[in-house]
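First the structure, in the form of structure tokens, and then the observations on it.
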Amino acid sequence: SESSLQQACVRWYRTQYPQYSKLLIAIPNHAVLSGDAVQRARQWKRLEAEGAVTGAADLLLIMPKRNHLLMVEAMIYGCFFEQKTSTGKQSPQQREFQQQVEAQGYEYVIIKDIESFISKVKEYM
């Protein structure tokens with residue numbers, strides 16, 4: 001499941017980078033809401049008022065990265081990770097979120113297994 005993958009990624013990261021353990025955070029937009037449809041809608045409206053955004057990625061690594069491409073230094077401000085199962089696909093809201101954060105200088109990566117997460121984090125760090 002996406003949750004199991006995300007838990008494995010967080011566990012690995014915090015073991016490998018304990019000095020930066022608080023810099024990889026979850027964005028719990030997929031929280032399970034309880035009650036009937038009306039109650040769930042009210043709960044989501046409250047979460048939206050608190051800043052929840054439909055389509056936001058699952059994890060954010062709050063660490064800048066310098067890129068030196070074409071002799072021009074560019075800053076990447078952080079990296080968003082979206083967890084997907086091997087058959088999972090982005091929703092339109094997730095693609096829109098990706099476009100907006102990339103336009104602001106953030107990296108966005110879709111992770112389908114722990115190996116790709118490990119590889120990306122090592123390259124990023």
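For the chain, the spherically averaged projection of the C-alpha convex hull amounts to 9.1 nm². Against the chain, whose longest principal axis comes from its Cα atoms, helix 114-124 is set at around 50 degrees. Taking the C-alpha atoms only, the angle from helix 92-103 to the longest principal axis of the chain is near 30 degrees. Any idea what angle helix 2-16 forms with the longest principal axis of the chain, computed on alpha-carbon atoms, 0 to 90 degrees, nearest 10? Around 40 degrees separate the two axes. For the chain, the mean residue ellipticity at 222 nm estimated from helices alone is -13000 deg cm²/dmol, where every DSSP H run of n ≥ 4 contributes -39500 (n - 2.57) and the total is divided by all residues, rounded to the nearest 500.
A cut-off of 5 Å between modelled amide H atoms, ignoring neighbours fewer than 5 places along the same chain, links residue 81 with 58, 59, 60, 61, 109. Surface analysis of region 1-96 yields an accessible area of 66 Å² per residue, using protein heavy atoms and a 1.4 Å probe.
Using a probe radius of 1.4 angstrom, the carbon and sulfur fraction of the accessible surface of region 2-125 is 55%.
The values are calculated or read from the model by the stated rules, or taken from the named source; none is laboratory data. As the structure is a prediction and not an experimental result, all values here were calculated from the model. Just the protein is used for accessible areas: all its heavy atoms, side chains included, with ligands, DNA and RNA removed. Shrake-Rupley method; radii C 1.70, N 1.55, O 1.52, S 1.80 Å.
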